[in-house]
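The values are calculated or read from the model by the stated rules, or taken from the named source; none is laboratory data. Source: prediction; values computed, not measured. Backbone-built Cβ (ideal geometry, glycine too); neighbour counts: all protein chains shown. Heads up: the accessible areas ignore ligands, DNA and RNA and are worked out on the full protein's heavy atoms, side chains in. Shrake-Rupley method; radii C 1.70, N 1.55, O 1.52, S 1.80 Å.
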Amino acid sequence: RYVGTEFAHRDERGDEWALEVRYERNDADGARYQWNRMSYGVEYGMAIGQRGRLEIDVKYRLLNYTARTVEIEDVDVPRRDHRWTPSVVWRHNVTGATELRLGYVHDGRISNDPSRDFGASQFIC
C-alpha cells in the first residue's frame, strides 16, 4: 500500500522541475519482509539548444523494518536503511525516433546493519 504526491512545473522555455513524496507500507506474510518506507525526490530538466536536454534527479528513501533487528552495542534495534540515488543524464534528439543518451547514476545504501551497505555506479551511453 502506498500514498504519495508529486508537484511538477514546466515553464515557457521547456524547463521542468518536480518534487515528490511517497509513503509505502509492506504488510508481507513473513514478518522479515514487513517495512515502512518514505521516499523523497527532486527532478530538474532543462533544454540545451534545439535538440538537447539535461536532466538531474535525486531520490532518497528511508526504509524502516518493523520486525528485523540488528545488534548495536549489545542491544537489538530495528533495522533502518537509507538509500540515495542521484543521476545526471544528457539527451540529444538525433532524429524523431532516435535519441543519444549519456549519463551517470549512483545507487547507494547506508544501513545500521553494516553488512548491508553498498554503492554502485552506472554510466549510461
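Average accessible surface for region 1-65: 72 Å² per residue, computed with a 1.4 Å probe over protein heavy atoms with every protein chain in place. The apolar share of the surface of the chain, taken as the fraction of accessible area on carbon and sulfur atoms (1.4 Å probe, ligands and nucleic acids excluded), comes to 53 percent. If you run the Gaussian network model on the chain, springs between alpha carbon atoms under 10 Å, then out of THR85, THR95, THR66 the most flexible one is THR95. Note on HIS106: accessible area is roughly 60 Å² with a 1.4 Å probe, heavy atoms of protein only. With R₀ fixed at 35 Å, the C-beta to C-beta distance from CYS125 to ASN64 puts the FRET efficiency at about 0.45. For Cα Rg over 2.2 N^0.38 Å, the candidate list reads (i) 1.08; (ii) 1.28; (iii) 1.36; the entry that matches the value derived from this model is (iii). Modelled this way, with points 7 Å down the Cα-to-C-beta line, the labels at ALA31 and HIS82 are 2.8 nm from one another.
When the chain is treated as a GNM with alpha-carbon contacts under 10 Å, the residue of GLY14, GLY45, GLY108 showing the greatest mean-square fluctuation is GLY14. The order of PHE7, PHE123, PHE118 by accessible area, most exposed first and with a 1.4 Å probe, is PHE123, PHE7, PHE118. Accessible surface of GLU71, taken over heavy atoms with a 1.4 Å probe and every protein chain present, rounds to 120 Å².
Projecting the Cα atoms of ASN64, GLY52, PRO86 onto the charge dipole of the chain, computed from C-beta unit charges around the Cα centre, puts GLY52 farthest toward the positive end.
Close amide H partners of THR69, meaning residues 5 or more places away or on another chain with modelled amide H under 5 Å apart, are ARG79. Along the chain, the exposed loop sites are trypsin sites (Lys or Arg not before Pro) outside DSSP states H, G, I, E and B with at most 15 other Cβ atoms within 10 Å, and the longest stretch free of them is 52-125.
Each residue of region 75-81 is assigned a 3J(HN,Hα), and the resulting list reads 10, 7, 10, x, 5, 9, 10 Hz, derived from the Karplus form 6.51 cos²θ - 1.76 cosθ + 1.60 (θ = phi - 60°), x at Gly and Pro. At a probe radius of 1.4 angstrom, the accessible area of region 68-125 per residue rounds to 70 square angstrom.
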